[in-house]
Amino acid sequence: MELIAKFDLFLKEHLNNYENVGSGKTNYISSYTVHEIIILMGDKVLKHIIEEIKNSKYFGMIVDFTLDITHIDQLAIVLRYVNCDGQPVERFVKFQDIYGHTAEYLTITIVEIIKNFGIDIKNCFGQSYNNASNMAEKYSGLQTRIRTLAP
């Protein structure tokens with residue numbers, strides 16, 4: 001802002017009249033605006049990652065549980081793919097609050113997330129989970145259910 005004010009007389013006058021003189025460090029944007037900018041930047045990065053995945057077509061996913069600071073269960077989702085330069089890439093794409101741990105609930109949640117990204121779950125070529133039985137169970141766990149959708 002100070003740099004632009006060197007070339008903009010209106011802004012220079014505004015800063016001279018309304019800056020926080022004597023109250024410490026000058027702040028030109030609110031925490032709300034900073035939060036909004038961070039969200040917009042994150043959305044743009046995620047959009048770029050999703051476009052790269054769509055261009056590579058096939059992807060693998062890594063899913064694990066974690067707790068946030070308020071002790072709410074979340075799925076941490078990482079997608080792995082090969083970029084246009086032929087390099088393998090792993091990208092964190094989402095934390096998703098979860099309210100159940102059944103394989104059926106987790107399958108529906110993950111498939112919905114992938115669908116909302118505009119990615120076809122049928123192009124999932126690999127899965128990696130933690131050792132929770134509802135995720136890795138051989139006959140009815142999450143891995144088996146996803147494998148049914150993406151053989």
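Inspect region 36-47 for any residue being of a type in the set (A, V, I, L, M, F, W, C), over 30 Å from A103 (Cβ atoms) and at pLDDT 95 or above and give the result as yes or no. Outline the logic, then answer.
Here is the first cut: in region 36-47, the ones of a type in the set (A, V, I, L, M, F, W, C) are 37-41, 45-46.
Keeping just the survivors that are over 30 Å from A103 (Cβ atoms) gives 37-41, 45.
Of the ones still in play, those that are also at pLDDT 95 or above are 45.
Taking every residue of region 36-47 in turn, at least one turns out to be of a type in the set (A, V, I, L, M, F, W, C), over 30 Å from A103 (Cβ atoms) and at pLDDT 95 or above.
Which of the residues that make up region 89-129 are outside any strand (DSSP E or B) and open to solvent by 100 Å² or more (accessible area, probe 1.4 Å)?
Scanning region 89-129 gives Y99, E104, I108, K115, N116, K122.
How many of the residues in region 106-139 are of a type in the set (F, W, Y) and modelled with pLDDT under 90? Reasoning before the result, please.
Of the residues in region 106-139, the ones of a type in the set (F, W, Y) are 117, 125, 129, 139.
Now drop any that are not modelled with pLDDT under 90, which leaves 129, 139.
Of the residues in region 106-139, 2 are of a type in the set (F, W, Y) and modelled with pLDDT under 90.
Taking F65 as the residue in question, decide whether it is surrounded by 12 or more Cβ atoms within 10 Å (Cβ to Cβ) and in contact with a helix residue (DSSP H, G or I) (Cβ under 6 Å, 6 or more places away or on another chain). Walk me through it before giving the result.
On the way: surrounded by 12 or more Cβ atoms within 10 Å (Cβ to Cβ): yes; in contact with a helix residue (DSSP H, G or I) (Cβ under 6 Å, 6 or more places away or on another chain): no.
No, not satisfied.
So in region 140-151, with the set limited to residues that are open to solvent by 80 Å² or more (accessible area, probe 1.4 Å) and farther than 14 Å from T102 by Cβ, which one is modelled with the lowest pLDDT? It would help to see each step written out before you state the result.
Here is the first cut: in region 140-151, the ones open to solvent by 80 Å² or more (accessible area, probe 1.4 Å) are 145, 147-148, 151.
The next check asks that each one be farther than 14 Å from T102 by Cβ; those that pass are 147-148, 151.
Details: R147: 89, T148: 89, P151: 84.
Only one residue tops the list, namely P151.
Provide a single number: the residues in region 83-111 that are within 19 Å of the chain's Cα centre (by Cα), among the charged types (D, E, K, R) and within 21 Å of E52 (Cβ to Cβ).
Selection size over region 83-111: 3.
Evaluate the following for D43: is it loosely packed, with under 11 Cβ neighbours inside 10 Å, farther than 23 Å from P151 by Cα and acidic (D, E)? Walk me through it before giving the result.
Numbers: loosely packed, with under 11 Cβ neighbours inside 10 Å: yes; farther than 23 Å from P151 by Cα: yes; acidic (D, E): yes.
Taking the combined requirement at face value, the residue satisfies it.
The values are calculated or read from the model by the stated rules, or taken from the named source; none is laboratory data. Quantities reported herein were computed from a predicted structural model and do not represent experimental measurements. Neighbour counts are summed over all protein chains in view; Cβ atoms, including those assigned to glycine, are modelled from backbone coordinates with ideal geometry. Please note that ligands, DNA and RNA were not included when accessible areas were found on the heavy atoms of the full protein model with its side chains. Shrake-Rupley method; radii C 1.70, N 1.55, O 1.52, S 1.80 Å.
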